[in-house]
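All remarks here apply to the structure that follows.
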Amino acid sequence: MNNEFGLVNLWVAGDGVTRFVALLLLAMSLASWTVILLKTLNLLAVRKQAARIEAFWRTTDIPQGMQALGSESNNPFHALVHSGQQAMTYVKKDASRQAELSQQIDISDWVTRGLQNAIDDATAQLQSGLAVLASVGSTAPFIGLFGTVWGIYHALMQIGMAGQATIDKVAGPIGEALIMTALGLAVAIPAVLGYNALVRGNKFIIGRLNRFAHDLHVLFMTGHRVKAKE
């Protein structure tokens, strides 16, 4: 015997607005899960790259250190060293340029600017896609609620035209309409949890980038690394 109620019947009996809301929630769910999956894989890869920092400091020179960090296209630590090295090369390449630059801005500030730009680029890359999760988490419950309100209105109109208002005629359509609210929550909850988890992971990476940039700045300025306190 075919089930008269449920998601299939809600889709079949629903009008264009109900179907549009259901498709919108489905698209939002697919988008959020795609972002969560891709950003999680990227975050795990960057955490592995962060573990290579100590290998960088065990090398004898910067080119070897950059090889130890790895040359992946999404490696923010490699990009940080490369940016600082470019800043130093730009200053040291031409003595007249170095004298002119020192009159306008301190060399230390120039290197700091290069390192900060690399950190900003890495931060923007880490945070890309999080706006999708924030938008889905904040709007999906209201979209589901709108679908519920519209579904109840649609069901009541059909019941009114049929002239039957018994409990068995009302409970089914109203219950189906309430499914839209549940669907909205089912879309929003993973998006919110994923957003919070990714933000925490990004904070860890950004903290490592800032500490690494500080040590790199000292290395470029003095030729020696600041020793960690024992």
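Where a number appears in this text, it was derived from the coordinates with a stated rule and is not lab data. Since we're looking at a predicted model, the values are computed, not measured. All Cβ positions, even for glycine, are placed from backbone atoms using ideal geometry, and neighbour counts span all protein chains on display.
Observations on the model:
- Other residues with beta-carbon under 15 Å from the beta-carbon of TYR195 carry, at +1 per Lys or Arg and -1 per Asp or Glu, a net charge of +3.
- Spin-label pair PHE146/THR40, simplified geometry with 7 Å Cα→Cβ offset, distance in nm: 2.9
- For the stretch 183-214, the residues whose amide N sits under 19 Å from a probe point set 7 Å from the Cα of ALA134 along the beta carbon direction are 188-207.
- Computed E for ASN74/VAL218 - FRET, C-beta separation, R0 25 angstrom, nearest 0.05: 0.45
- Charge context of ALA50, other residues only, Cβ under 11 angstrom, K/R +1, D/E -1: +4
- Using R0 = 45 Å, the C-beta based FRET efficiency linking GLU54 and ASN196 works out to 0.95.
- Efficiency of FRET between ASN117 and ILE189 - r from beta-carbon atoms, R0 41 angstrom, step 0.05: 0.65
- Length released on extending from MET157 to ALA182, taking residue separation times 0.36 nm less the Cα-Cα span: 6.8 nm
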